[in-house]
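**Q** Got a structure for you, questions after.
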Amino acid sequence: MNALARRLRDSDLAVGAVGAFGLVAIWEIAARTGLVDPQLFPSPLLAIEMAAARLTAETVGENLAWSLFRVFSGFGLGASAGAVIGIAAGWYRTFGMIARPLIELLRPIPPLAWIPLAIIWFGLGEPSKFFIIFLGAFFPVVTSAYHGMRSIDPMLLRAGQTMGLGGVPLLFRVAVPAAAPDLATGVRIGWGLSFGVLVAAELVAADRGLGYMIINERNTGGSVGVIIVGILLIGLLNLVTDAAIGAATKRWIGRWHGT
Amino acid sequence: MAPRAHLALRRPEWSRGEHPVVNVPFIEISSVRKSFPARGGGAVSVLSGIDLAIAENEFVSLVGRSGCGKTTLLNIIAGLEAASGGSVAIAGRPVTGPGQGQGVVFQQHALFPWLAAVDNVGFGFRNAGLSKRQRRARSMELLRLVGLQAAATKYPRELSGGMQQRVSIARALALDPQILLMDEPFGALDELTRIELQQELLRIWQARRKTVVFVTHSINEALILSDRIVLLAANPGRIKRIFEVGMERPRSRTAPSFNALYEDIWNELSS
Ligand SMILES: Nc1ncnc2c1ncn2[C@@H]1O[C@H](COP(=O)(O)OP(=O)(O)OP(=O)(O)O)[C@@H](O)[C@H]1O
Ligand SMILES: [Mg+2]
(Lines give C-alpha, C1' and ligand atoms only; values in the text may rest on other atoms or scores of the structure.)
(Ligands and ions follow the chains in the order given, each with its own letter.)
Protein backbone atom coordinates (compact mmCIF):
# COMPACT_ATOMS: atom_id res chain seq x y z
CA MET A 1 0.00 0.00 0.00
CA ASN A 2 1.37 3.41 -0.83
CA ALA A 3 1.84 6.16 1.71
CA LEU A 4 -1.07 8.30 0.57
CA ALA A 5 -3.51 5.43 0.72
CA ARG A 6 -2.27 4.55 4.20
CA ARG A 7 -2.65 8.10 5.36
CA LEU A 8 -6.14 8.27 3.95
CA ARG A 9 -7.07 5.03 5.62
CA ASP A 10 -5.72 6.22 8.95
CA SER A 11 -7.39 9.60 8.88
CA ASP A 12 -10.72 9.91 10.68
CA LEU A 13 -11.76 12.67 8.34
CA ALA A 14 -11.18 10.53 5.27
CA VAL A 15 -13.17 7.65 6.75
CA GLY A 16 -16.00 10.03 7.59
CA ALA A 17 -15.98 11.55 4.13
CA VAL A 18 -16.12 8.14 2.48
CA GLY A 19 -19.04 7.18 4.72
CA ALA A 20 -20.98 10.35 4.00
CA PHE A 21 -20.32 10.09 0.28
CA GLY A 22 -21.45 6.47 0.28
CA LEU A 23 -24.70 7.36 2.00
CA VAL A 24 -25.45 10.13 -0.51
CA ALA A 25 -24.65 7.74 -3.37
CA ILE A 26 -27.05 5.08 -2.03
CA TRP A 27 -29.71 7.74 -1.59
CA GLU A 28 -29.21 8.97 -5.16
CA ILE A 29 -29.41 5.44 -6.56
CA ALA A 30 -32.46 4.55 -4.46
CA ALA A 31 -34.30 7.63 -5.68
CA ARG A 32 -33.36 7.11 -9.33
CA THR A 33 -34.31 3.46 -9.46
CA GLY A 34 -37.68 4.29 -7.89
CA LEU A 35 -36.96 2.41 -4.70
CA VAL A 36 -38.26 5.46 -2.80
CA ASP A 37 -40.86 7.93 -4.04
CA PRO A 38 -38.95 10.89 -5.53
CA GLN A 39 -41.86 13.19 -4.72
CA LEU A 40 -41.41 12.54 -1.02
CA PHE A 41 -37.73 11.85 -0.97
CA PRO A 42 -36.08 13.25 -4.06
CA SER A 43 -32.51 12.39 -4.93
CA PRO A 44 -29.97 14.92 -3.71
CA LEU A 45 -29.38 16.33 -7.16
CA LEU A 46 -33.11 16.58 -7.82
CA ALA A 47 -33.66 18.28 -4.46
CA ILE A 48 -31.10 20.94 -5.33
CA GLU A 49 -32.76 21.37 -8.72
CA MET A 50 -36.19 21.73 -7.12
CA ALA A 51 -34.88 24.23 -4.61
CA ALA A 52 -33.13 26.24 -7.29
CA ALA A 53 -36.38 26.52 -9.18
CA ARG A 54 -38.17 27.97 -6.14
CA LEU A 55 -35.54 30.09 -4.43
CA THR A 56 -32.89 32.52 -5.47
CA ALA A 57 -29.47 32.36 -3.87
CA GLU A 58 -30.27 35.76 -2.45
CA THR A 59 -33.28 34.49 -0.50
CA VAL A 60 -31.32 31.59 0.87
CA GLY A 61 -28.43 33.90 1.74
CA GLU A 62 -30.73 36.31 3.51
CA ASN A 63 -32.35 33.61 5.61
CA LEU A 64 -28.97 32.16 6.41
CA ALA A 65 -27.64 35.55 7.44
CA TRP A 66 -30.56 36.08 9.79
CA SER A 67 -30.09 32.72 11.40
CA LEU A 68 -26.39 33.34 11.85
CA PHE A 69 -26.95 36.79 13.26
CA ARG A 70 -29.42 35.48 15.81
CA VAL A 71 -27.31 32.59 16.94
CA PHE A 72 -24.11 34.60 17.15
CA SER A 73 -25.63 37.40 19.20
CA GLY A 74 -27.76 35.16 21.43
CA PHE A 75 -24.97 32.67 21.95
CA GLY A 76 -22.36 35.39 22.43
CA LEU A 77 -24.30 37.02 25.22
CA GLY A 78 -25.53 33.77 26.75
CA ALA A 79 -22.06 32.25 26.83
CA SER A 80 -20.47 35.44 28.20
CA ALA A 81 -23.08 35.77 30.93
CA GLY A 82 -22.74 32.06 31.70
CA ALA A 83 -18.96 32.31 31.95
CA VAL A 84 -19.02 35.38 34.18
CA ILE A 85 -21.70 34.05 36.51
CA GLY A 86 -20.25 30.53 36.61
CA ILE A 87 -16.77 31.80 37.41
CA ALA A 88 -18.06 34.23 40.03
CA ALA A 89 -20.23 31.54 41.63
CA GLY A 90 -17.21 29.24 41.80
CA TRP A 91 -14.93 31.88 43.27
CA TYR A 92 -17.09 33.91 45.63
CA ARG A 93 -18.63 31.66 48.21
CA THR A 94 -21.60 33.78 49.13
CA PHE A 95 -22.49 34.56 45.56
CA GLY A 96 -22.23 30.88 44.73
CA MET A 97 -24.52 29.99 47.58
CA ILE A 98 -27.14 32.39 46.26
CA ALA A 99 -26.74 31.75 42.53
CA ARG A 100 -26.35 27.99 42.47
CA PRO A 101 -29.80 26.91 43.69
CA LEU A 102 -31.43 29.32 41.23
CA ILE A 103 -29.38 27.96 38.37
CA GLU A 104 -30.03 24.36 39.37
CA LEU A 105 -33.75 25.10 39.51
CA LEU A 106 -33.94 26.60 36.04
CA ARG A 107 -31.34 24.46 34.30
CA PRO A 108 -33.45 21.31 33.72
CA ILE A 109 -36.12 23.29 31.85
CA PRO A 110 -35.56 22.77 28.10
CA PRO A 111 -35.02 26.19 26.48
CA LEU A 112 -37.91 25.52 24.10
CA ALA A 113 -40.34 25.31 27.00
CA TRP A 114 -39.72 29.03 27.45
CA ILE A 115 -41.11 29.88 24.01
CA PRO A 116 -44.69 30.64 25.10
CA LEU A 117 -43.46 32.86 27.92
CA ALA A 118 -40.90 34.48 25.67
CA ILE A 119 -43.63 35.36 23.18
CA ILE A 120 -45.82 36.82 25.92
CA TRP A 121 -42.93 38.79 27.39
CA PHE A 122 -41.13 39.88 24.24
CA GLY A 123 -43.65 39.44 21.42
CA LEU A 124 -42.98 37.66 18.16
CA GLY A 125 -40.00 39.79 17.14
CA GLU A 126 -36.29 39.25 17.57
CA PRO A 127 -36.04 39.61 21.37
CA SER A 128 -38.05 36.46 22.04
CA LYS A 129 -35.76 34.35 19.84
CA PHE A 130 -32.73 36.05 21.24
CA PHE A 131 -33.91 35.11 24.72
CA ILE A 132 -34.38 31.42 23.85
CA ILE A 133 -30.97 31.17 22.18
CA PHE A 134 -29.42 32.99 25.10
CA LEU A 135 -30.79 30.32 27.44
CA GLY A 136 -29.49 27.57 25.17
CA ALA A 137 -25.94 28.87 25.59
CA PHE A 138 -26.20 30.15 29.14
CA PHE A 139 -26.90 26.96 31.06
CA PRO A 140 -24.22 24.66 29.66
CA VAL A 141 -21.62 27.41 29.99
CA VAL A 142 -22.57 28.49 33.50
CA THR A 143 -22.60 24.89 34.70
CA SER A 144 -19.25 23.97 33.21
CA ALA A 145 -17.63 27.22 34.31
CA TYR A 146 -18.79 26.61 37.88
CA HIS A 147 -17.67 23.01 37.77
CA GLY A 148 -14.30 24.03 36.33
CA MET A 149 -13.77 26.55 39.10
CA ARG A 150 -14.67 24.07 41.80
CA SER A 151 -12.30 21.43 40.52
CA ILE A 152 -9.15 23.56 40.33
CA ASP A 153 -6.17 21.80 41.86
CA PRO A 154 -5.72 23.64 45.18
CA MET A 155 -1.96 23.30 44.80
CA LEU A 156 -2.09 25.71 41.87
CA LEU A 157 -3.86 28.33 43.96
CA ARG A 158 -1.32 27.84 46.73
CA ALA A 159 1.52 28.19 44.26
CA GLY A 160 -0.02 31.45 43.04
CA GLN A 161 -0.38 32.69 46.61
CA THR A 162 3.25 31.98 47.44
CA MET A 163 4.16 34.10 44.44
CA GLY A 164 2.38 37.07 45.88
CA LEU A 165 -1.03 36.77 44.27
CA GLY A 166 -4.37 37.05 45.97
CA GLY A 167 -7.89 38.24 45.23
CA VAL A 168 -8.66 39.30 41.68
CA PRO A 169 -5.13 38.78 40.26
CA LEU A 170 -5.16 35.22 41.63
CA LEU A 171 -8.57 34.73 40.03
CA PHE A 172 -7.50 35.92 36.60
CA ARG A 173 -3.95 34.63 36.47
CA VAL A 174 -4.47 31.23 38.08
CA ALA A 175 -8.08 30.21 38.61
CA VAL A 176 -9.56 31.18 35.24
CA PRO A 177 -6.78 29.59 33.14
CA ALA A 178 -7.01 26.48 35.30
CA ALA A 179 -10.76 26.28 34.66
CA ALA A 180 -10.41 27.00 30.94
CA PRO A 181 -10.64 23.40 29.67
CA ASP A 182 -13.97 22.86 31.40
CA LEU A 183 -15.16 26.23 30.21
CA ALA A 184 -14.25 25.33 26.63
CA THR A 185 -16.27 22.13 26.83
CA GLY A 186 -19.27 24.11 28.05
CA VAL A 187 -18.89 26.63 25.24
CA ARG A 188 -18.94 23.90 22.66
CA ILE A 189 -21.99 22.18 24.13
CA GLY A 190 -23.67 25.58 24.47
CA TRP A 191 -23.05 26.35 20.82
CA GLY A 192 -24.70 23.12 19.69
CA LEU A 193 -27.67 23.73 21.94
CA SER A 194 -28.03 27.37 20.85
CA PHE A 195 -28.01 26.26 17.27
CA GLY A 196 -30.66 23.61 17.78
CA VAL A 197 -32.81 26.00 19.74
CA LEU A 198 -32.44 28.64 17.04
CA VAL A 199 -33.91 26.45 14.35
CA ALA A 200 -36.71 25.28 16.61
CA ALA A 201 -37.57 28.87 17.56
CA GLU A 202 -37.59 29.85 13.89
CA LEU A 203 -39.90 26.96 13.13
CA VAL A 204 -42.37 28.16 15.74
CA ALA A 205 -42.30 31.90 15.43
CA ALA A 206 -40.34 33.80 12.82
CA ASP A 207 -40.69 35.42 9.45
CA ARG A 208 -37.17 34.85 8.27
CA GLY A 209 -34.25 32.51 8.93
CA LEU A 210 -33.48 28.96 7.85
CA GLY A 211 -36.04 27.43 10.21
CA TYR A 212 -38.68 29.77 8.84
CA MET A 213 -37.63 28.97 5.28
CA ILE A 214 -38.33 25.27 5.64
CA ILE A 215 -41.53 25.49 7.69
CA ASN A 216 -42.87 28.15 5.34
CA GLU A 217 -42.24 25.88 2.38
CA ARG A 218 -44.24 23.17 4.08
CA ASN A 219 -47.11 25.50 5.05
CA THR A 220 -47.43 26.95 1.57
CA GLY A 221 -47.34 23.52 -0.04
CA GLY A 222 -44.08 24.16 -1.81
CA SER A 223 -41.44 21.66 -2.73
CA VAL A 224 -39.85 18.94 -0.64
CA GLY A 225 -36.58 19.90 -2.32
CA VAL A 226 -36.41 23.23 -0.53
CA ILE A 227 -37.03 21.55 2.81
CA ILE A 228 -34.32 18.96 2.22
CA VAL A 229 -31.81 21.55 1.04
CA GLY A 230 -32.70 23.72 4.05
CA ILE A 231 -32.17 20.87 6.46
CA LEU A 232 -28.85 19.94 4.92
CA LEU A 233 -27.78 23.56 5.05
CA ILE A 234 -28.58 23.74 8.75
CA GLY A 235 -26.61 20.57 9.38
CA LEU A 236 -23.67 21.77 7.34
CA LEU A 237 -23.61 25.14 9.06
CA ASN A 238 -23.60 23.53 12.49
CA LEU A 239 -20.88 21.14 11.40
CA VAL A 240 -18.62 23.89 10.11
CA THR A 241 -19.08 26.21 13.07
CA ASP A 242 -18.64 23.39 15.57
CA ALA A 243 -15.44 22.35 13.83
CA ALA A 244 -14.26 25.96 13.99
CA ILE A 245 -14.90 26.09 17.73
CA GLY A 246 -13.14 22.75 18.11
CA ALA A 247 -10.11 24.02 16.19
CA ALA A 248 -10.02 27.25 18.18
CA THR A 249 -10.17 25.29 21.44
CA LYS A 250 -7.39 23.04 20.32
CA ARG A 251 -5.25 26.01 19.44
CA TRP A 252 -6.01 27.69 22.71
CA ILE A 253 -5.58 24.85 25.21
CA GLY A 254 -4.66 21.81 23.14
CA ARG A 255 -0.93 21.86 23.68
CA TRP A 256 -0.90 22.25 27.41
CA HIS A 257 -4.02 20.29 28.17
CA GLY A 258 -3.47 17.53 25.69
CA THR A 259 -6.86 17.48 24.00
CA MET B 1 24.79 39.77 63.89
CA ALA B 2 24.92 40.90 67.52
CA PRO B 3 22.56 39.00 69.74
CA ARG B 4 19.76 41.23 70.98
CA ALA B 5 18.80 40.53 74.52
CA HIS B 6 15.04 40.57 74.09
CA LEU B 7 15.19 38.27 71.10
CA ALA B 8 17.97 36.05 72.31
CA LEU B 9 16.87 32.52 72.67
CA ARG B 10 17.85 30.36 75.54
CA ARG B 11 20.40 28.36 73.71
CA PRO B 12 19.14 24.80 73.37
CA GLU B 13 21.07 21.87 74.63
CA TRP B 14 22.28 20.63 71.27
CA SER B 15 24.04 23.86 70.45
CA ARG B 16 25.99 24.18 73.64
CA GLY B 17 29.58 23.59 72.87
CA GLU B 18 31.39 24.11 69.64
CA HIS B 19 28.73 25.44 67.29
CA PRO B 20 26.79 28.34 68.63
CA VAL B 21 24.61 28.79 65.55
CA VAL B 22 21.35 30.08 66.90
CA ASN B 23 21.20 33.25 68.82
CA VAL B 24 18.49 35.27 67.08
CA PRO B 25 15.49 33.27 65.95
CA PHE B 26 14.53 34.27 62.44
CA ILE B 27 11.75 31.76 62.09
CA GLU B 28 10.23 31.12 65.46
CA ILE B 29 7.83 28.23 65.75
CA SER B 30 6.16 28.14 69.16
CA SER B 31 3.89 25.40 70.45
CA VAL B 32 2.42 24.81 67.02
CA ARG B 33 -0.43 22.32 66.90
CA LYS B 34 -2.43 21.18 63.96
CA SER B 35 -5.43 18.91 63.81
CA PHE B 36 -7.68 18.06 60.92
CA PRO B 37 -11.34 17.22 61.26
CA ALA B 38 -11.69 13.46 61.23
CA ARG B 39 -14.27 11.62 59.23
CA GLY B 40 -17.28 10.94 61.39
CA GLY B 41 -16.60 13.81 63.80
CA GLY B 42 -13.75 14.59 66.13
CA ALA B 43 -10.27 15.57 65.04
CA VAL B 44 -6.97 13.90 64.27
CA SER B 45 -3.94 15.53 65.74
CA VAL B 46 -1.23 15.81 63.09
CA LEU B 47 1.22 18.10 64.85
CA SER B 48 1.53 18.65 68.57
CA GLY B 49 3.66 21.10 70.47
CA ILE B 50 6.25 21.94 67.82
CA ASP B 51 8.87 24.35 69.15
CA LEU B 52 11.68 25.26 66.82
CA ALA B 53 13.77 28.36 66.37
CA ILE B 54 15.61 28.73 63.10
CA ALA B 55 18.34 31.33 62.75
CA GLU B 56 18.80 33.58 59.77
CA ASN B 57 20.82 31.89 57.02
CA GLU B 58 20.44 28.57 58.70
CA PHE B 59 19.87 25.41 56.70
CA VAL B 60 17.50 23.07 58.54
CA SER B 61 16.26 19.72 57.31
CA LEU B 62 13.14 17.92 58.44
CA VAL B 63 13.20 14.14 58.32
CA GLY B 64 10.73 11.59 59.54
CA ARG B 65 8.46 8.82 58.40
CA SER B 66 5.87 9.40 55.73
CA GLY B 67 2.78 10.98 57.23
CA CYS B 68 4.48 12.46 60.29
CA GLY B 69 3.50 16.00 59.34
CA LYS B 70 6.50 17.47 57.49
CA THR B 71 4.43 18.95 54.67
CA THR B 72 1.86 20.23 57.13
CA LEU B 73 4.54 22.02 59.15
CA LEU B 74 6.04 23.51 55.99
CA ASN B 75 2.60 24.73 54.88
CA ILE B 76 2.10 26.42 58.23
CA ILE B 77 5.46 28.20 57.96
CA ALA B 78 4.51 29.17 54.40
CA GLY B 79 1.31 30.72 55.68
CA LEU B 80 -0.76 28.45 53.47
CA GLU B 81 -2.39 26.68 56.35
CA ALA B 82 -3.34 28.06 59.74
CA ALA B 83 -2.07 26.31 62.83
CA SER B 84 -4.73 25.04 65.23
CA GLY B 85 -2.71 26.45 68.06
CA GLY B 86 0.60 28.15 68.76
CA SER B 87 2.27 30.58 66.40
CA VAL B 88 4.93 31.08 63.77
CA ALA B 89 6.79 34.33 63.45
CA ILE B 90 9.27 35.46 60.81
CA ALA B 91 11.69 38.16 61.93
CA GLY B 92 9.39 38.83 64.85
CA ARG B 93 6.25 39.26 62.73
CA PRO B 94 3.54 36.63 63.12
CA VAL B 95 2.90 34.70 59.93
CA THR B 96 -0.61 35.45 58.76
CA GLY B 97 -0.36 34.32 55.17
CA PRO B 98 1.98 33.66 52.27
CA GLY B 99 4.13 36.41 50.82
CA GLN B 100 6.18 37.25 53.91
CA GLY B 101 9.36 36.24 52.21
CA GLN B 102 8.65 32.53 51.96
CA GLY B 103 9.32 30.83 48.64
CA VAL B 104 7.97 27.32 48.34
CA VAL B 105 8.94 24.27 46.32
CA PHE B 106 5.95 21.95 46.63
CA GLN B 107 6.12 18.20 47.01
CA GLN B 108 3.76 17.87 44.03
CA HIS B 109 5.33 20.18 41.54
CA ALA B 110 2.24 22.41 41.15
CA LEU B 111 3.41 24.00 37.92
CA PHE B 112 0.87 25.99 35.95
CA PRO B 113 -0.04 23.61 33.12
CA TRP B 114 -1.03 26.41 30.75
CA LEU B 115 2.39 28.05 30.86
CA ALA B 116 5.58 26.91 29.15
CA ALA B 117 8.51 26.16 31.47
CA VAL B 118 10.09 29.58 31.00
CA ASP B 119 6.80 31.35 31.76
CA ASN B 120 6.27 29.21 34.84
CA VAL B 121 9.64 30.37 36.11
CA GLY B 122 8.87 33.99 35.24
CA PHE B 123 5.35 33.90 36.68
CA GLY B 124 6.23 35.82 39.83
CA PHE B 125 8.17 38.53 37.97
CA ARG B 126 4.99 40.09 36.67
CA ASN B 127 4.74 42.50 39.55
CA ALA B 128 8.46 43.04 39.90
CA GLY B 129 8.67 45.95 37.47
CA LEU B 130 10.80 44.18 34.88
CA SER B 131 10.34 44.41 31.14
CA LYS B 132 9.21 41.37 29.25
CA ARG B 133 12.69 40.83 27.87
CA GLN B 134 14.35 41.15 31.24
CA ARG B 135 11.85 38.69 32.71
CA ARG B 136 12.56 36.21 29.98
CA ALA B 137 16.32 36.60 30.34
CA ARG B 138 16.15 36.07 34.08
CA SER B 139 13.89 33.06 33.66
CA MET B 140 16.25 31.53 31.10
CA GLU B 141 19.15 32.07 33.46
CA LEU B 142 17.34 30.14 36.18
CA LEU B 143 16.40 27.36 33.78
CA ARG B 144 20.04 27.08 32.81
CA LEU B 145 20.88 26.79 36.50
CA VAL B 146 18.71 23.69 36.77
CA GLY B 147 19.94 22.38 33.43
CA LEU B 148 16.74 22.91 31.50
CA GLN B 149 17.41 25.73 29.06
CA ALA B 150 16.59 23.36 26.19
CA ALA B 151 13.12 22.71 27.56
CA ALA B 152 12.16 26.37 28.00
CA THR B 153 9.22 26.33 25.61
CA LYS B 154 7.85 22.98 26.70
CA TYR B 155 4.66 22.74 28.71
CA PRO B 156 4.64 20.87 32.04
CA ARG B 157 2.83 17.86 30.57
CA GLU B 158 5.63 17.53 28.03
CA LEU B 159 8.26 17.30 30.79
CA SER B 160 9.30 14.29 32.82
CA GLY B 161 8.67 14.25 36.58
CA GLY B 162 12.24 15.19 37.40
CA MET B 163 12.22 18.02 34.85
CA GLN B 164 9.00 19.37 36.33
CA GLN B 165 10.60 19.28 39.73
CA ARG B 166 13.56 21.29 38.48
CA VAL B 167 11.27 23.86 36.87
CA SER B 168 9.47 24.32 40.16
CA ILE B 169 12.81 24.80 41.94
CA ALA B 170 13.74 27.47 39.39
CA ARG B 171 10.32 29.08 39.87
CA ALA B 172 10.80 29.27 43.63
CA LEU B 173 14.29 30.76 43.22
CA ALA B 174 13.04 33.36 40.74
CA LEU B 175 11.65 35.70 43.35
CA ASP B 176 14.84 35.41 45.40
CA PRO B 177 12.91 34.78 48.62
CA GLN B 178 14.59 35.23 51.99
CA ILE B 179 13.24 31.88 53.08
CA LEU B 180 13.16 28.76 50.95
CA LEU B 181 10.73 26.07 52.04
CA MET B 182 11.48 22.96 50.03
CA ASP B 183 9.39 19.81 50.23
CA GLU B 184 11.36 16.83 48.94
CA PRO B 185 12.58 18.95 46.05
CA PHE B 186 15.05 16.38 44.76
CA GLY B 187 12.88 13.33 45.32
CA ALA B 188 12.19 12.51 41.68
CA LEU B 189 15.71 13.06 40.38
CA ASP B 190 18.38 10.65 39.27
CA GLU B 191 21.40 10.40 41.57
CA LEU B 192 23.68 12.49 39.37
CA THR B 193 21.25 15.37 38.87
CA ARG B 194 20.38 15.21 42.53
CA ILE B 195 23.98 15.64 43.61
CA GLU B 196 24.48 18.45 41.10
CA LEU B 197 21.44 20.28 42.37
CA GLN B 198 22.47 19.76 45.99
CA GLN B 199 25.73 21.53 45.16
CA GLU B 200 23.86 24.26 43.32
CA LEU B 201 21.48 24.76 46.22
CA LEU B 202 24.38 25.04 48.67
CA ARG B 203 26.04 27.57 46.40
CA ILE B 204 22.87 29.68 46.17
CA TRP B 205 22.26 29.36 49.89
CA GLN B 206 25.77 30.60 50.67
CA ALA B 207 25.90 33.29 48.01
CA ARG B 208 22.45 34.76 48.60
CA ARG B 209 22.20 34.30 52.36
CA LYS B 210 18.99 32.37 52.49
CA THR B 211 17.27 30.53 55.27
CA VAL B 212 16.27 27.07 54.13
CA VAL B 213 13.82 24.56 55.57
CA PHE B 214 14.26 21.39 53.62
CA VAL B 215 12.17 18.23 53.80
CA THR B 216 13.83 15.02 52.70
CA HIS B 217 13.58 11.28 53.14
CA SER B 218 17.28 10.88 52.55
CA ILE B 219 19.47 11.01 55.65
CA ASN B 220 22.42 11.29 53.31
CA GLU B 221 21.00 14.37 51.65
CA ALA B 222 20.16 15.95 54.99
CA LEU B 223 23.74 15.33 56.17
CA ILE B 224 25.29 16.82 53.05
CA LEU B 225 23.21 19.97 53.20
CA SER B 226 22.11 20.93 56.67
CA ASP B 227 23.30 22.79 59.71
CA ARG B 228 20.71 20.96 61.75
CA ILE B 229 18.54 17.95 61.14
CA VAL B 230 15.18 17.86 62.87
CA LEU B 231 13.82 14.38 63.32
CA LEU B 232 10.04 14.20 63.61
CA ALA B 233 8.05 11.36 65.10
CA ALA B 234 4.52 10.55 64.06
CA ASN B 235 1.07 10.29 65.64
CA PRO B 236 0.96 13.05 66.52
CA GLY B 237 3.85 14.73 64.72
CA ARG B 238 6.40 16.04 67.19
CA ILE B 239 10.09 16.77 67.36
CA LYS B 240 11.86 13.64 68.50
CA ARG B 241 15.42 14.86 68.37
CA ILE B 242 17.52 17.56 66.75
CA PHE B 243 20.94 16.71 65.37
CA GLU B 244 23.62 19.27 64.85
CA VAL B 245 25.80 18.61 61.83
CA GLY B 246 29.04 20.26 62.80
CA MET B 247 31.05 19.35 59.73
CA GLU B 248 32.75 21.79 57.41
CA ARG B 249 31.36 22.04 53.89
CA PRO B 250 31.92 20.60 51.34
CA ARG B 251 31.26 17.39 53.22
CA SER B 252 32.58 14.01 52.36
CA ARG B 253 30.11 11.17 52.25
CA THR B 254 32.83 8.78 53.30
CA ALA B 255 34.22 10.65 56.32
CA PRO B 256 33.99 8.69 59.59
CA SER B 257 32.13 11.54 61.34
CA PHE B 258 29.61 11.57 58.50
CA ASN B 259 28.98 7.88 58.88
CA ALA B 260 28.80 8.05 62.63
CA LEU B 261 26.12 10.71 62.50
CA TYR B 262 24.31 8.76 59.80
CA GLU B 263 24.27 5.79 62.14
CA ASP B 264 22.88 7.92 64.99
CA ILE B 265 20.09 9.36 62.92
CA TRP B 266 19.24 6.00 61.43
CA ASN B 267 18.98 4.41 64.86
CA GLU B 268 16.80 7.20 66.17
CA LEU B 269 14.59 7.12 63.09
CA SER B 270 14.03 3.40 63.16
CA SER B 271 13.61 3.03 66.91
N1 LIG C 1 -6.10 18.25 54.62
C2 LIG C 1 -5.97 17.19 55.43
N3 LIG C 1 -7.02 16.63 56.03
C4 LIG C 1 -6.89 15.55 56.84
N5 LIG C 1 -5.71 14.99 57.13
C6 LIG C 1 -4.61 15.51 56.56
C7 LIG C 1 -4.68 16.63 55.69
N8 LIG C 1 -3.41 16.91 55.26
C9 LIG C 1 -2.63 16.01 55.86
N10 LIG C 1 -3.32 15.17 56.64
C11 LIG C 1 -2.78 14.08 57.47
O12 LIG C 1 -1.74 14.63 58.23
C13 LIG C 1 -0.67 13.70 58.33
C14 LIG C 1 0.61 14.39 57.92
O15 LIG C 1 0.55 14.72 56.55
P16 LIG C 1 1.78 15.38 55.82
O17 LIG C 1 1.41 15.57 54.41
O18 LIG C 1 2.19 16.58 56.56
O19 LIG C 1 2.88 14.23 55.97
P20 LIG C 1 4.37 14.21 55.45
O21 LIG C 1 5.23 14.06 56.64
O22 LIG C 1 4.63 15.34 54.55
O23 LIG C 1 4.40 12.83 54.65
P24 LIG C 1 5.21 12.45 53.32
O25 LIG C 1 6.61 12.18 53.76
O26 LIG C 1 4.54 11.20 52.86
O27 LIG C 1 5.08 13.57 52.37
C28 LIG C 1 -1.03 12.51 57.49
O29 LIG C 1 -1.46 11.48 58.33
C30 LIG C 1 -2.17 12.99 56.64
O31 LIG C 1 -3.06 11.95 56.41
MG1 LIG D 1 4.95 15.53 52.56
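The values are calculated or read from the model by the stated rules, or taken from the named source; none is laboratory data. Keep in mind that what you see is a predicted model, and the values were worked out from it rather than measured. Glycine gets a Cβ as well: all are built from the backbone with ideal geometry, and neighbour counts include every protein chain shown. Side chains are part of the model used for accessible areas, which takes the heavy atoms of the whole protein and leaves out ligands, DNA and RNA. Shrake-Rupley method; radii C 1.70, N 1.55, O 1.52, S 1.80 Å.
**Q** If you place +1 on the Cβ of every Lys and Arg and -1 on the Cβ of every Asp and Glu, how big does the dipole about the Cα centre of the protein assembly as shown come out, in debye to the nearest 20?
**A** 1120 debye
**Q** Sticking with this one: Which value at 222 nm does chain A reach when only helices count, each DSSP H run of 4 or more adding -39,500 (n - 2.57), with the total divided by all residues and rounded to the nearest 500 deg cm²/dmol?
**A** Taking each H run of at least 4 residues, the total per residue is -26000 deg cm²/dmol.
**Q** If you count only protein heavy atoms with a 1.4 Å probe, what accessible area per residue comes out for the protein assembly as shown, rounded to a whole Å²?
**A** Computed with neighbouring chains in place, this is 50 Å² per residue.
**Q** Ok, one more. Rounded to the nearest 0.05, what FRET efficiency do A:Glu126 and B:Trp266 have when you use their Cβ-Cβ distance and R0 = 56 Å?
**A** 0.10
**Q** If one takes the longest principal axis of the Cα atoms in chain A, at what angle in degrees, from 0 to 90 and to the nearest 10, does the Cα axis of helix A:12-32 lie?
**A** Tilt relative to chain A: about 30 degrees.
**Q** Now a separate question. Within 10 Å of each Cβ in A:151-159, how many Cβ atoms from other chains are there, averaged over the peptide?
**A** That average works out to 5.
**Q** Taking the Cα centre of region B:177-271 as the origin and placing charges on Cβ (Lys, Arg +1; Asp, Glu -1), which of B:Leu232, B:Pro250, B:Ala207 is farthest toward the positive end of the dipole?
**A** B:Ala207
**Q** Here's a follow-up. Within 10 Å of each Cβ in peptide B:105-115, how many partner chain Cβ atoms are there on average? Round it to a whole number, please.
**A** 5
**Q** Right, something else. Which percent of the accessible heavy-atom area of chain A goes to carbon and sulfur, probe 1.4 angstrom?
**A** The value for chain A is 71 percent carbon and sulfur by accessible area.
**Q** Rounded to the nearest 0.05, what FRET efficiency is calculated for B:Thr96 and B:His217 with R0 set to 30 Å and r the Cβ-Cβ distance?
**A** The computed FRET efficiency comes out at 0.45.
**Q** Would you work out if chain A is rounded, prolate or oblate? Take a ≥ b ≥ c from the square roots of the eigenvalues of the alpha-carbon gyration tensor; rounded if a/c is under 1.5, else prolate when a/b is larger than b/c, oblate otherwise.
**A** oblate
**Q** Could you give the length gained by full extension between A:Leu236 and A:Arg150, i.e. 0.36 nm per residue of separation minus their alpha carbon distance, to one decimal place?
**A** Full extension from A:Leu236 to A:Arg150 adds 27.4 nm.
**Q** Hey, what angle do you get for helix B:191-208 against the long axis of chain B, alpha-carbon based, 0 to 90 degrees rounded to 10?
**A** That helix lies at roughly 80 degrees to the long axis.
**Q** Considering every residue in A:249-258, what mean count of other chain Cβ atoms within 10 Å of its Cβ is obtained?
**A** Across the residues of A:249-258, the mean count of other-chain Cβ atoms within 10 Å is 3.
**Q** Net charge around A:Asp207, counting only other residues with Cβ within less than 13 Å of its Cβ (Lys, Arg = +1; Asp, Glu = -1)?
**A** 0
**Q** PRE reach from B:Ser257 (point 7 Å along Cα→Cβ): which of region B:216-237 fall under 16 Å by backbone N?
**A** B:223-229
**Q** Helix B:132-145 sits at what angle to the longest principal axis of chain B, using alpha carbons and giving 0 to 90 degrees rounded to 10?
**A** 60 degrees
**Q** Please give the total accessible area that chains A and B bury against each other, computed with a 1.4 Å probe and expressed in Å² to the nearest 100.
**A** The summed interface area works out to 2000 Å².
**Q** Separate question: Go ahead and estimate [θ] at 222 nm for chain B from helices alone: -39,500 (n - 2.57) per DSSP H run with n ≥ 4, summed, over the residue count, rounded to 500.
**A** Helix contribution divided over all residues of chain B: -9500 deg cm²/dmol.
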